[in-house]
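J.: A single structure is presented below for examination.
The values are calculated or read from the model by the stated rules, or taken from the named source; none is laboratory data. In this text, all values refer to a predicted model and were calculated from it rather than measured experimentally. With ideal geometry, Cβ positions are generated from the backbone for all residues, glycine too; neighbour counts draw on all protein chains shown. For the accessible areas, the whole protein counts, side chains as well, though only heavy atoms, and no ligand, DNA or RNA atoms are used. Shrake-Rupley method; radii C 1.70, N 1.55, O 1.52, S 1.80 Å.
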Amino acid sequence: MLYEVEEADVEGGETRVVLCEQRPDGAVGPALAEALADLDDAAPAQLWIRDVALGDDEAALEHGFAPYRDLWQLRSRLPAQASGLTTRAFRLEDAGEFLSVNNRAFHWHPEQGGLSADELHERFDEHWFDADGFRLHHREGRLAGFCWTKIHADHDPALGEIYVIAVDPDFSGRGLGRAMTLAGLEWLSAQGLATAMLYVESDNHRANAVYRRIGFSHHHTDRAYRRASQPATPH
């Protein structure tokens with residue numbers, strides 16, 4: 001399948017159409033036409049094109065979608081530099097403190113911000129979840145930062161991901177972002193992985209500068225588009 005359609009789960013919400021990676025050349029236009037065929041033209045919708053390529057913007061625009069967000073996938077070889085940081089695995093009793101740090105650090109983020117306890121526990125049920133790869137760092141008796149990793153075992157060869165990483169805003173400016181990233185890479189490398197990846201907003205210049213210094217480079221871009229709700233055509 002070249003695409004997935006995620007119907008809005010609340011009235012007035014956006015339907016999400018995702019065009020998958022590894023598409024044949026020129027497939028975006030026909031795939032998008034097929035995906036949108038059963039959707040109401042007046043309904044708001046969001047489109048994601050994974051690994052966006054030359055000409056994909058034009059195909060999206062022909063269907064009324066305007067780009068608004070670029071998410072970069074970065075990759076780096078393993079092993080990386082040593083973190084010099086002491087971390088431990090996540091435990092269930094850490095959930096409340098984790099949510100507090102996460103939601104303050106990601107108050108601006110459209111997906112990771114506002115994470116609820118129910119949503120967190122849903123992620124614990126994912127087949128890839130491994131508490132040992134969810135690394136926590138404490139300072140002054142509190143959670144100062146975390147690096148949650150994921151292993152894509154279905155990738156050939158297996159690929160390690162820095163899934164979510166954040167530092168408590170109270171501890172910002174101490175170099176913990178870089179150290180926490182390296183701590184996650186250390187754990188992934190210890191699992192025998194040779195390559196790591198992560199996703200980052202293209203305009204998160206501070207984070208991108210840190211990742212470049214660690215050794216990450218741009219692999220591809222996932223681009224998001226939005227179609228505004230249009231008034232129904234009178235009959």
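J.: What number of residues within segment 84-103 satisfy the criterion of being assigned to a loop (DSSP other than H, G, I, E, B) and hydroxyl-bearing (Ser, Thr, Tyr)?
T.: Going residue by residue through segment 84-103, those that are assigned to a loop (DSSP other than H, G, I, E, B) are 84-87, 90-91.
Okay, now just the ones that are also hydroxyl-bearing (Ser, Thr, Tyr), so 86-87.
Here the count works out to 2.
J.: To continue, here is another question. Those residues that are within 15 Å of ALA80 (Cβ to Cβ) and basic (Lys, Arg), I need them from segment 169-183; list them, please. So that I can check it myself, show each step before the final result.
T.: Just the residues of segment 169-183 that are within 15 Å of ALA80 (Cβ to Cβ), to begin with: 177-183.
The answer is ARG178, and nothing else.
J.: Going by the structure shown, is TYR199 among the hydroxyl-bearing types (Ser, Thr, Tyr), at negative phi, in contact (Cβ under 8 Å) with a residue 24 or more places away in the chain and part of a helix (DSSP H, G or I)?
T.: Numbers: among the hydroxyl-bearing types (Ser, Thr, Tyr): yes; at negative phi: yes; in contact (Cβ under 8 Å) with a residue 24 or more places away in the chain: yes; part of a helix (DSSP H, G or I): no.
No; evaluated as a whole, the condition is false for this residue.
J.: Let me ask you something else. Are there any pairs with C-beta distances below 7 angstrom linking a residue in segment 137-152 that is of a type in the set (A, V, I, L, M) to a residue that is in a strand (DSSP E or B), with the two at least 6 apart or on different chains, and if so which?
T.: From residues that are of a type in the set (A, V, I, L, M), the pairs are LEU143/LEU136; ALA144/HIS137; ALA144/HIS138; ALA144/VAL167; ILE151/GLY160.
J.: Can you tell me which residue within segment 155-164, out of those that are farther than 18 Å from SER217 by Cβ and hydrophobic (A, V, I, L, M, F, W, C), is least open to solvent (accessible area, probe 1.4 Å)?
T.: Once the filter is applied, the top-ranked residue is VAL164.
J.: Failed condition for ALA80, given (1) in contact with a helix residue (DSSP H, G or I) (Cβ under 6 Å, 6 or more places away or on another chain); (2) outside any loop (DSSP other than H, G, I, E, B); (3) not β-branched (Val, Ile, Thr), with all others met?
T.: It is condition (2) that ALA80 fails.
J.: Restricting attention to segment 40-62, does a residue exist that is at pLDDT below 90, open to solvent by 30 Å² or more (accessible area, probe 1.4 Å) and among the charged types (D, E, K, R)?
T.: yes
J.: Could you tell me how many of the residues in segment 171-187 are in a helix (DSSP H, G or I) and open to solvent by 10 Å² or more (accessible area, probe 1.4 Å)?
T.: Residues flagged as in a helix (DSSP H, G or I) and open to solvent by 10 Å² or more (accessible area, probe 1.4 Å) within segment 171-187 amount to 5.
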